[in-house]
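Visitor: Sharing a structure with you now.
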Amino acid sequence: MTQVIHSIKDFQNLKLSSKSLGFVPTMGALHDGHLSLIKKSLHENQTTVLSIFVNPTQFNNSNDLINYPKTWEEDLNKLQSLKVDYVLSPTKEDIYPLNYSYKVCENELSQILCGARRPGHFDGVLSVVLKLLNIVQPHRAYFGEKDYQQFLLIKNMVTSFFLKTEIISCPVIREPSGLAMSSRNKRLSAAQLSQASLVYEQLKSDKSLKQIQETLEKAGFKIDYLEEHYGRRFIAVFLGDVRLIDNVEL
Ligand code: AMP
């Protein structure tokens with residue numbers, strides 16, 4: 001039976017004493033990408049906790065926050081059928097008891113790619129992940145390579161602050177078309193959805209960055225960035241007002 005908990009105090013009062021506790025933090029609107037993280041956690045741990053919290057401090061664009069898809073009932077059905085043990089879905093007042101007066105800032109990796117285009121985004125991500133790791137105190141926490149920069153920043157934060165949780169990365173799960181699964185895909189029209197598969201097709205091609213940029217711009221995408229770092233090629237594009245990100249190993 002999946003137990004749903006909204007209050008952080010109630011969650012802490014459970015005093016989970018599992019030999020292996022796995023944790024999957026999400027913002028809900030669950031798709032097969034999220035489910036792959038959950039299945040890995042269920043396989044590797046006695047107990048799995050999933051959090052659903054749409055974290056306001058990581059949204060630098062208020063429309064993106066307002067339009068973020070919410071599918072609570074469907075999410076719960078999926079979690080129940082997978083037999084996830086606990087769902088933690090706190091309020092923002094509970095997560096930010098002193099508003100946002102304390103935060104985690106990183107000064108290097110967070111300044112490029114998404115960090116350069118979304119000021120404050122990674123401060124919000126790192127702050128909420130630190131809070132959630134402190135609340136749940138898992139042995140292992142699972143993050144997707146779809147958000148590779150985020151995964152690296154969290155792994156480095158755990159190292160920097162001597163947290164005991166092991167940070168585990170999971171491969172990008174894609175639609176049959178190649179499009180990386182994302183909650184934001186729900187905001188694309190049917191035509192945009194099929195158009196969006198061009199992003200991965202181009203990203204994994206052996207074309208130069210300039211050629212890829214030209215092809216995508218001709219097809220109607222607005223490029224936010226297209227860069228190579230750490231042996232990977234990273235992209236962020238706008239299709240209409242929906243921002244999509246992806247990355248591949250070179
Ligand atoms: P989100 O709900 O978007 O914050 O994502 C929660 C977790 O799921 C993050 O660790 C993401 O990297 C991961 N995730 C999201 N989409 C995918 C995907 N297509 N494949 C693998 N992991 C994903």
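Visitor: With respect to Phe162, is the statement that it is farther than 22 Å from Thr71 by Cα and open to solvent by 30 Å² or more (accessible area, probe 1.4 Å) true?
Guide: Yes.
Visitor: Could you list all residues from the range 170-194 that are in a loop (DSSP other than H, G, I, E, B) and either more than 7 Å from the ligand (Cβ to nearest atom) or surrounded by 15 or more Cβ atoms within 10 Å (Cβ to Cβ) (or both)?
Guide: Hits for the range 170-194 are Val172, Ile173, Glu175, Pro176, Ser177, Gly178, Leu179, Met181, Ser182, Leu188, Ser189.
Visitor: Further question on the same structure: If Thr48 passes every condition in (1) within 13 Å of the ligand (Cβ to nearest atom); (2) in contact with a Phe, Trp or Tyr (Cβ under 8 Å, 6 or more places away or on another chain) but one, which one does it miss?
Guide: (1)
Visitor: Run down Leu79, Leu35 and say which single residue is part of a helix (DSSP H, G or I), within 10 Å of the ligand (Cβ to nearest atom) and surrounded by 15 or more Cβ atoms within 10 Å (Cβ to Cβ).
Guide: Leu35
Visitor: Could you count how many residues in the range 1-32 are away from the ligand (no atom under 11 Å from the Cβ), of a type in the set (S, T, N, Q) and either under 21 Å from the mean Cα position of the chain (by Cα) or in a strand (DSSP E or B) (or both)?
Guide: Of the residues in the range 1-32, 1 are away from the ligand (no atom under 11 Å from the Cβ), of a type in the set (S, T, N, Q) and either under 21 Å from the mean Cα position of the chain (by Cα) or in a strand (DSSP E or B) (or both).
Visitor: Among the listed residues Glu73, Glu93, Glu145, identify the single one that is assigned by TED's automatic domain parsing to the domain that holds Ile8, under 16 Å from the mean Cα position of the chain (by Cα), closer than 30 Å to Thr47 by Cβ and surrounded by fewer than 20 Cβ atoms within 10 Å (Cβ to Cβ).
Guide: Glu145
The values are calculated or read from the model by the stated rules, or taken from the named source; none is laboratory data. Here the structure is a predicted model, which means the values were calculated and not measured. All Cβ positions, glycine included, derive from the backbone under ideal geometry; neighbour counts span all protein chains shown. Please note that ligands, DNA and RNA were not included when accessible areas were found on the heavy atoms of the full protein model with its side chains. Shrake-Rupley method; radii C 1.70, N 1.55, O 1.52, S 1.80 Å.
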